[in-house]
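**Q** Pasting a structure below so you can have a look.
The values are calculated or read from the model by the stated rules, or taken from the named source; none is laboratory data. Bear in mind the structure is a predicted one, so any value in this text is a computation, not a measurement. Note: ideal-geometry Cβ built from the backbone for every residue, glycine included; neighbour counts use all protein chains shown. Note: areas computed on protein heavy atoms with side chains; ligands, DNA, RNA excluded. Shrake-Rupley method; radii C 1.70, N 1.55, O 1.52, S 1.80 Å.
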Amino acid sequence: MRTTQPQVAVIGAGIAGLTAAGVLRRQGIAVTVYEAGKQIAGLASSFHDTDGFTYDFGAHFLTNRLAAAAGIGAYCRTVKHYGEAVYLGGKTYGYPFGLLQNPRYLVSGLASRLSSRDRTRRYSSAAEWFRASYGRTLANEVALPLLEAWSGAAASDLAASVGEKMHSSVFQTLSLKLASQVSGRAVGSGYSHEVPEHPSVWHVYPKGGLSRLCEALASEVKDAIQLESPVEAILVDNHRVAGIRVRGKEQPASAVISTAPCHILSRLVQGTERLAPLAQLRYRPMTFVNLRLEGRGLLKDTVVWLPEKQFPFFRLTETPLSMPWLAPAGKTLITVDFGCQVGDQIWTMPDEALGELCIEHLQPLIPDGRRRYLGCRVLRTPIAYPVFLNQYEETRRQLEQSTGVEGLYSIGRNGEFSHSLMEDVYWRTRQRAHQILSELPILSSPALVH
Ligand SMILES: Cc1cc2nc3c(=O)[nH]c(=O)nc-3n(C[C@H](O)[C@H](O)[C@H](O)COP(=O)(O)OP(=O)(O)OC[C@H]3O[C@@H](n4cnc5c(N)ncnc54)[C@H](O)[C@@H]3O)c2cc1C
């Protein structure tokens, strides 16, 4: 170990914090991981009930490539099928190609392809970007209502970058879908951006639940993890990180790597106003109602999107269609995603009332749903998706460069205010951790701020 410098403090024991800590530890850097919660894994946690059902925060898949990198490839099951559909006007269309069998969407999509040849054009909002990329009809009737339900903001107030970041070419999507059908494995498509998608990269799920991934990442730094230890303050002196405060005690730190959401990071920092703009960044809370039902194959495909306003939720996922082991034989689980605000009617509704609300609205899709219904389990998270409001764009782009404080790094999905899935979080964090290593002071850090 390099003993001439104080430890590096990592805030958060999710995938990002554990990955960063592992990279630093391997290079002989003293590191401590502070986790506010009672356990590791953050958003990548699984919950099991005594009846044999497993729930994640929404549906979670990882890839065989990430599983291999984390050393848990042998403990993962292959996901053989994954598909998405859209429910519109009483019919379910496969996504994306089934939708294009509707001549209105096809014509509008083709027209937009022919007219939007200028790839360098900058769009002033997500609404503009989606209309130019998908055609007006498909954007107005499908993509934009979903975007608004998901983000809780008007598409005209959202930045074009929200679309650009999720976009894959039609050719790429088609070739990966074909690879899936030929190989009988759910080849990842639109899933990773840091490393290329490929027919040899497919979805898997760890036996025992998602947390296995984080347990493997944690095994290298187990002795350095402190649970139930929320970092209360990050102390900055002369625009350089000096230390942290945990449980009322100040400790020096040669660097601080935070995976906390940006607005929380902004509140933690003391001794500079440089992170003040991050305080405005907002995340969309979600309520996930996991309906337990008799039978299986109640939806047309694993994920069904619901753009029509008659539904108070926007997405359904029958996870056992892709991962049969998440529910006991002869039973199934449908996760219903509600976008909400902390404290609103959905957030505060009792679990059983939420279950009833779902069953009632699902009647057109599952007419005998009430007879099949076995109760529900509800998960709520105040921080699920970064909301890419146009007004945040400058702050978001600046954050991509740096926090503005020497020795303070903001990484991971919420720390970077990005929609990254686990594989991107993993590879990106490794890259950033190597960059941080090259910037670490070799000699002792400045004195603590008091
Ligand atoms: C609904 C949904 C579905 C998803 N589906 C998929 C999927 O299918 N596949 C996929 O690959 N990815 C999926 N993701 C994304 C994936 O969950 C995340 O990318 C990943 O888990 C983020 O890891 P992280 O370490 O960046 O952040 P987190 O997991 O959020 O970890 C941050 C940790 O920091 C801790 N913390 C915060 N503040 C403090 C503090 N002050 N002091 C100490 N600790 C603190 C938190 O308690 C938390 O444990 C999904 C995400 C959502 C929301």
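**Q** Looking at 67, 74, 21 in this structure, which one is in a helix (DSSP H, G or I) and either surrounded by fewer than 19 Cβ atoms within 10 Å (Cβ to Cβ) or without any contact (Cβ under 8 Å) to a residue 12 or more places away in the chain (or both)? Give the steps one after another, and end with the answer.
**A** Details: 67 fails: either surrounded by fewer than 19 Cβ atoms within 10 Å (Cβ to Cβ) or without any contact (Cβ under 8 Å) to a residue 12 or more places away in the chain (or both); 21 fails: either surrounded by fewer than 19 Cβ atoms within 10 Å (Cβ to Cβ) or without any contact (Cβ under 8 Å) to a residue 12 or more places away in the chain (or both).
Checking each option against the conditions leaves just 74.
**Q** Please work out which one of (1) open to solvent by 60 Å² or more (accessible area, probe 1.4 Å); (2) more than 16 Å from the ligand (Cβ to nearest atom); (3) modelled with pLDDT under 95 is the condition residue 93 fails and give its number.
**A** Going through the list (1) open to solvent by 60 Å² or more (accessible area, probe 1.4 Å); (2) more than 16 Å from the ligand (Cβ to nearest atom); (3) modelled with pLDDT under 95, residue 93 breaks only (1).
**Q** Identify all residues within the stretch 198-209 that are in a loop (DSSP other than H, G, I, E, B) and either open to solvent by less than 30 Å² (accessible area, probe 1.4 Å) or not charged (D, E, K, R) (or both); write none if there are none. Talk me through it step by step, then tell me what you get.
**A** Step one: of the stretch 198-209, the residues in a loop (DSSP other than H, G, I, E, B) are 198-201, 207-209.
198, 199, 200, 201, 208, 209 - these are the residues of the stretch 198-209 that are in a loop (DSSP other than H, G, I, E, B) and either open to solvent by less than 30 Å² (accessible area, probe 1.4 Å) or not charged (D, E, K, R) (or both).
**Q** Determine if the stretch 40-50 includes at least one residue that is more than 26 Å from residue 218 (Cα to Cα), in a loop (DSSP other than H, G, I, E, B), open to solvent by 20 Å² or more (accessible area, probe 1.4 Å) and touching a strand residue (DSSP E or B) at 6+ places or on another chain (Cβ under 8 Å).
**A** Looking for residues that are more than 26 Å from residue 218 (Cα to Cα), in a loop (DSSP other than H, G, I, E, B), open to solvent by 20 Å² or more (accessible area, probe 1.4 Å) and touching a strand residue (DSSP E or B) at 6+ places or on another chain (Cβ under 8 Å), one finds none in the stretch 40-50, hence no.
**Q** Moving on. May I ask you to say which residue of 212, 185 is assigned to a helix (DSSP H, G or I), crowded, with 19+ Cβ neighbours inside 10 Å and of a type in the set (D, E, K, R)? Please lay out each step first, then the result.
**A** Details: 185 fails: assigned to a helix (DSSP H, G or I).
Matching residue, one of 212, 185: 212.
**Q** Identify, by number, the condition in (1) open to solvent by 10 Å² or more (accessible area, probe 1.4 Å); (2) in contact with an Asp or Glu (Cβ under 7 Å, 6 or more places away or on another chain) that residue 85 doesn't meet.
**A** (1)
**Q** Separate question: What tally of residues in the stretch 340-393 results from selecting those that are within 16 Å of residue 315 (Cβ to Cβ) and within 16 Å of the ligand (Cβ to nearest atom)?
**A** Residues in the stretch 340-393 being within 16 Å of residue 315 (Cβ to Cβ) and within 16 Å of the ligand (Cβ to nearest atom): 8 in total.
**Q** Of the residues in the stretch 394-430, how many are away from the ligand (no atom under 13 Å from the Cβ), buried (at least 23 other Cβ atoms within 10 Å of the Cβ) and of a type in the set (Val, Ile, Thr)?
**A** Final tally of qualifying residues: 1.
**Q** Just to be sure before I move on: is residue 259 closer than 21 Å to residue 86 by Cα and buried (at least 22 other Cβ atoms within 10 Å of the Cβ) in the structure I sent?
**A** Working: closer than 21 Å to residue 86 by Cα: no; buried (at least 22 other Cβ atoms within 10 Å of the Cβ): yes.
In short, no.
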